1. Would you confirm whether or not the stretch 5-17 contains a residue that is surrounded by fewer than 19 Cβ atoms within 10 Å (Cβ to Cβ), in contact with a strand residue (DSSP E or B) (Cβ under 6 Å, 6 or more places away or on another chain) and in a loop (DSSP other than H, G, I, E, B)?
2. Among the residues that make up the stretch 97-114, is at least one of them over 14 Å from the mean Cα position of the chain (by Cα) and crowded, with 19+ Cβ neighbours inside 10 Å?
3. If residue 33 satisfies all but one of (1) outside any loop (DSSP other than H, G, I, E, B); (2) under 20 Å from residue 89 (Cα atoms); (3) in contact (Cβ under 8 Å) with a residue 12 or more places away in the chain, what's the number of the condition it fails?
4. Out of the strands (runs of 3 or more DSSP E) lying entirely within the stretch 54-149, which hold 3 or more residues that are in contact with a strand residue (DSSP E or B) (Cβ under 8 Å, 6 or more places away or on another chain) and within 19 Å of residue 22 (Cα to Cα)?
C-alpha cells in the first residue's frame with residue numbers, strides 16, 4: 001500500500017465537523033496532489049455515497065470513487081482528531097478514513113487496491129494500532145505493513 005499513500009497524504013489529527021466537510025477537504029487535497037478539479041472529485045465521491053455509505057463499520061470510512069483522469073490508485077489516509085457521524089453500517093462514528101481514487105479501467109489494479117485496503121482495515125488489531133499511532137510516519141508505516149519507525 002506504500003505506492004498508494006505518499007508521506008504527505010497521511011494525516012493525523014485532521015478536524016472535520018461532518019462527513020460532507022471531510023469529503024470536500026479530501027477532494028481539495030487530492031485535486032491539488034493530482035492536478036485535478038477538486039469539485040469533480042467531490043462530485044464523484046458524493047455520487048458514490050448516494051449509492052450507500054462507505055462507512056464500513058468499526059469507526060472506519062472508506063470513501064472511494066473511480067475517475068477517468070487517473071491511471072493508478074491514489075489514497076489519503078486520515079486519523080481524525082474527533083470521530084464524526086458517517087452514516088456507517090453500524091452507526092458508529094468514524095475516526096479512521098481512507099480516501100481511495102481508482103482508475104476506471106478494469107485492467108488497472110484499482111479493484112485489488114480497494115479490496116486490499118478494506119481487508120487490512122477490518123483487522124481489529126491494525127485498526128487499534130492506527131488509532132494509537134503517535135504521528136503520520138507511524139500511521140503510514142503501520143498501514144503499509146512496515147516495521148514502524
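Where a number appears in this text, it was derived from the coordinates with a stated rule and is not lab data. Just so it is clear, the structure is predicted and the values come from calculations on it, not from any experiment. Cβ atoms come from the backbone with ideal geometry, glycine included; neighbour counts cover every protein chain shown.
1. Scanning the stretch 5-17 turns up at least one residue that is surrounded by fewer than 19 Cβ atoms within 10 Å (Cβ to Cβ), in contact with a strand residue (DSSP E or B) (Cβ under 6 Å, 6 or more places away or on another chain) and in a loop (DSSP other than H, G, I, E, B).
2. Yes, the stretch 97-114 has at least one match.
3. (2)
4. Here the list reads 64-67, 74-84, 94-103.
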